[in-house]
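Here is the structure we will look at, set down as structure tokens.
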Amino acid sequence: MPMIRAVLFDMDGVMVNTETFYIKALIDTLSEEIGLKLTEKEVEKYAGLIYTEKLKRIFEERKVKADPYELAEKSRRKFLCMVRGRIKLLPGVRELIEGLFSYGIKLALVSSSRKNVVEMVIRETGLKGVFDAIVTQEDVKHLKPHPEPYLLASKMLKIRPEECVVIEDSVHGISSAKSAGMKCIAIVNPNLPISNYSEADMLVRSVREIKLEDILNL
């Protein structure tokens, strides 16, 4: 069994509380711009996709004719206004990072968010210099669920995929990690079917439940 040498973190919904702001920004934009009313639960099922992809699927499923690119940009601007100065690490994240760092485990952040958002999160949470590799939306041709983001992080770390553990909270992120040949710990959303997480190697309700020994034993 290969030794675990690196932990790769998804960002939104795993490390920080930004996912709720992404959802609210999208809901508000659709309501204000085209009168489409959606609930948080309806939007949550598209977790892990960038705004444009979320909107394409929403419009296709609801037979809506609107420009997903224009509304995605408006949603992004609204998100940035909402979230600036309000970003917080989720419970247990700092403690887990400190424990992994002390043990000598390499750390990477792999996000589908844009570079400016990732940099803002790192700055506001005091995590500058913590990660040995950072992958953002602009760094890859294919986003999650494609394995490219996690494979690129593995390459940057100079660590084999089978020596990496990923912490994710979305179906697309889990698929990306597993397609890359990595182990995956999934943070379960109680509002989504448990079957969504069937690919994951371990399920938890929050990062607080993840122990160093759990990671090393995967």
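Going by the structure shown, is Glu124 more than 25 Å from Arg57 (Cα to Cα) and either open to solvent by less than 20 Å² (accessible area, probe 1.4 Å) or of a type outside the set (Gly, Ala, Ser) (or both)? Reasoning before the result, please.
Details: more than 25 Å from Arg57 (Cα to Cα): yes; either open to solvent by less than 20 Å² (accessible area, probe 1.4 Å) or of a type outside the set (Gly, Ala, Ser) (or both): yes.
Here the answer is yes, as Glu124 does meet what is asked.
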* **Selected residue (criterion: least open to solvent (accessible area, probe 1.4 Å)) from residues of the range 171-218 that are modelled with pLDDT of 95 or more, among the polar types (S, T, N, Q) and in contact with a Lys or Arg (Cβ under 8 Å, 6 or more places away or on another chain)** => Ser176
* Members of the range 54-100 that are assigned to a helix (DSSP H, G or I) and of a type in the set (A, V, I, L, M) -> Leu55, Ile58, Leu71, Ala72, Leu80, Met82, Val83, Val93, Leu96, Ile97, Leu100
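I'd like the full set of residues that are β-branched (Val, Ile, Thr), modelled with pLDDT under 95 and surrounded by 15 or more Cβ atoms within 10 Å (Cβ to Cβ), limited to the range 21-51.
Initially, the range 21-51 is screened for residues β-branched (Val, Ile, Thr), giving 23, 27, 29, 34, 39, 43, 50.
From what's left, modelled with pLDDT under 95: 23, 39, 43, 50.
Within the range 21-51, Ile23, Val43, Ile50 meet the criteria.
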* To do: Kindly indicate whether Thr39 is under 16 Å from Leu109 (Cα atoms) and polar (S, T, N, Q).
  => no
* **Residue match in the range 54-66 (condition: under 21 Å from the mean Cα position of the chain (by Cα), under 24 Å from Ser195 (Cβ atoms), among the β-branched types (Val, Ile, Thr) and open to solvent by less than 40 Å² (accessible area, probe 1.4 Å))** => yes
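Select from the range 92-111 the residues that are in contact with a Gly (Cβ under 9 Å, 6 or more places away or on another chain) and open to solvent by 20 Å² or more (accessible area, probe 1.4 Å) and list them in ascending order.
Start the filter on the range 92-111 by keeping residues that are in contact with a Gly (Cβ under 9 Å, 6 or more places away or on another chain), which leaves 94, 105, 110.
Listed by number, the list holds a single entry, Arg94.
The values are calculated or read from the model by the stated rules, or taken from the named source; none is laboratory data. This structure is a prediction, so every number in the text was calculated from the model and none was measured. Note: ideal-geometry Cβ built from the backbone for every residue, glycine included; neighbour counts use all protein chains shown. The area values use the complete protein model at the heavy-atom level, side chains included, leaving out ligands, DNA and RNA. Shrake-Rupley method; radii C 1.70, N 1.55, O 1.52, S 1.80 Å.
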